[in-house]
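First up is the structure itself, then whatever we jot down about it.
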Amino acid sequence: MELRTMRYFLAVAREENITRAAQLLHVTQPTLSKQLKALEDELGKKLFTRHSFSIQLTEEGILLRKRAEDLIKMADKITTEFLALDDVLGGDVYFGLAESYQIRCLAATIRRFKESYPDLHYHITSGDTEQVTEKLDKGIIDFAVLAQEPNTAKYHYLTFPHADLWGVVMPKNCPLAEKDSICVDDLFGLPLFCSEQGWSNDISKWCGNNMDKLHLEGSFRLSYNGSLFVKEGLGYLLTFEHLIDTSPDSGLTFRPLTPKLETKMYLIWKKYQVFTPIAERLLEMLKAEFSE
C-alpha cells in the first residue's frame with residue numbers, strides 16, 4: 001500500500017467521479033481504475049459502490065478515507081519537517097486548540113516570535129480534548145491546548161497564565177438576566193446547552209449532588225453554534241466568558257456562575273518529542289513568557 005495510491009483513493013472519494021479525479025491527478029482513467037481495483041484486492045474489501053455517473057464510498061471505504069487522510073497528513077508533515085531541519089529561521093508548526101479566550105496568550109507570543117522569525121508558518125485546527133490529543137498522538141500536530149489537566153505520563157505541559165470563567169449566556173431580556181450571578185438552583189428544569197466535555201467534567205463538579213436536576217437540552221463542540229440556539233429562545237448556554245458576543249446590540253448577556261467556576265488551560269506536547277528547530281525555539285519562548 002503506497003502513499004501515492006492513498007492520494008489516488010482520496011481524490012476519487014472527494015470527487016465521487018473517476019474521470020474528474022483522473023483529470024485532477026493528471027493520470028489516465030484506466031490507470032486510476034487499475035490502482036483502485038488493486039487497492040480493493042489488497043484489502044479484500046469493496047471500497048466503492050459504482051453508479052452510472054458517480055461512485056460512493058462503502059462503509060469500508062469511509063473507514064479507509066479517515067485512515068488515509070491521517071496518513072497523508074502525517075507524511076506531508078514529515079516531509080515538511082525534514083525540509084525545515086536546515087532552516088532555523090522558518091518552517092511550519094502545527095497546533096490543535098481548544099476553544100478558549102486564553103488562546104490570546106498563545107497568539108500574542110506567536111506575534112512577537114514572528115518579529116524575529118517572519119518565515120514561521122503556523123497551522124491551527126480546533127477541537128475538544130479527544131480530537132486534539134488524537135491528532136497529537138498520531139504526530140499530525142506538534143502542540144495541543146486542552147481545557148483539562150493533561151496526562152503527565154504521556155505529555156509535557158505548560159499552564160496558561162490565566163483561567164477561563166464559566167457562566168451562562170442568555171437573552172438579555174429574560175428574567176434570569178436580572179441576576180448578577182447564577183447559582184445551581186437557578187438552572188433547575190431549564191433547557192441547557194454545553195459541550196459534552198464541560199458538562200461531564202466541570203459542570204458536574206460545580207453542581208455536586210444536583211446534577212440530576214439539570215437538563216442538557218443539547219451539546220455543542222463550538223460555543224458560537226450554541227449561542228445561535230440561545231438567540232432562538234431554545235435554551236441557555238453554559239460556556240466560558242468572552243467566547244460569545246454579548247455586546248449591547250447582540251441581544252445576549254453573560255452572567256458568571258456562583259460559586260465561581262474556572263478552568264485552567266494547558267499547552268501540551270508528547271514526551272520525547274523531536275521538534276524542528278523553529279518549533280523548538282517557539283517552545284522556548286512560550287516557556288519563558290508563560291512563566292512570567
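The values are calculated or read from the model by the stated rules, or taken from the named source; none is laboratory data. The shown structure was predicted, so the numbers you read here are calculated from the model rather than taken from an experiment. FYI the Cβ positions are ideal-geometry reconstructions off the backbone, even for glycines, and counts take in every protein chain you see. With ligands, DNA and RNA removed, areas are computed over all heavy atoms of the protein, side chains included. Shrake-Rupley method; radii C 1.70, N 1.55, O 1.52, S 1.80 Å.
Listed values, structure above:
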| quantity | calculated |
| --- | --- |
| Principal-axis tilt of helix 3-15 within the chain, Cα atoms, nearest 10 degrees | 70 degrees |
| Solvent-accessible area per residue for the chain (1.4 angstrom probe, square angstrom) | 55 Å² |
| In Hz, Karplus ³J(HN,Hα) per residue of region 104-113 (6.51, -1.76, 1.60; θ = phi - 60°; x = Gly, Pro) | 4, 5, 5, 4, 5, 5, 4, 4, 5, 5 |
| Peptide ranges 2-11, 246-255 listed from the most packed, as the mean C-beta count within 10 angstrom indicates | 2-11, 246-255 |
| On Cα atoms only, tilt of 277-291 relative to the major axis of the chain in degrees | 10 degrees |
| Backbone HN-Hα couplings from phi across region 41-55 [Karplus 6.51/-1.76/1.60, Hz, Gly and Pro as x] | 5, 5, 7, x, 9, 7, 9, 10, 9, 8, 10, 4, 10, 7, 10 |
| Prolate/oblate/rounded label for region 191-292 (Cα gyration tensor, a/c 1.5) | prolate |
| Long-range HN-HN contacts of residue 126 with modeled amide H, under 5 Å | 97 |
| Centre separation in Å (Cα based) which lies between region 233-252 and region 1-55 | 46 Å |
| Peptide ranges 34-40, 278-284, 44-50 listed from the most packed, as the mean C-beta count within 10 angstrom indicates | 278-284, 34-40, 44-50 |
| Vicinal HN-Hα couplings computed from phi for region 63-76 (Karplus, 6.51 cos²θ - 1.76 cosθ + 1.60; Hz; Gly/Pro x) | 4, 5, 4, 4, 5, 5, 4, 5, 4, 5, 4, 5, 5, 5 |
| Efficiency of FRET between residue 45 and residue 176 - r from beta-carbon atoms, R0 35 angstrom, step 0.05 | 0.05 |
| Debye, to nearest 20: dipole size of region 105-255, +1 on Lys, Arg Cβ, -1 on Asp, Glu Cβ | 240 debye |
| Apportionment of accessible area to carbon and sulfur, the chain, percent (1.4 Å) | 51 percent |
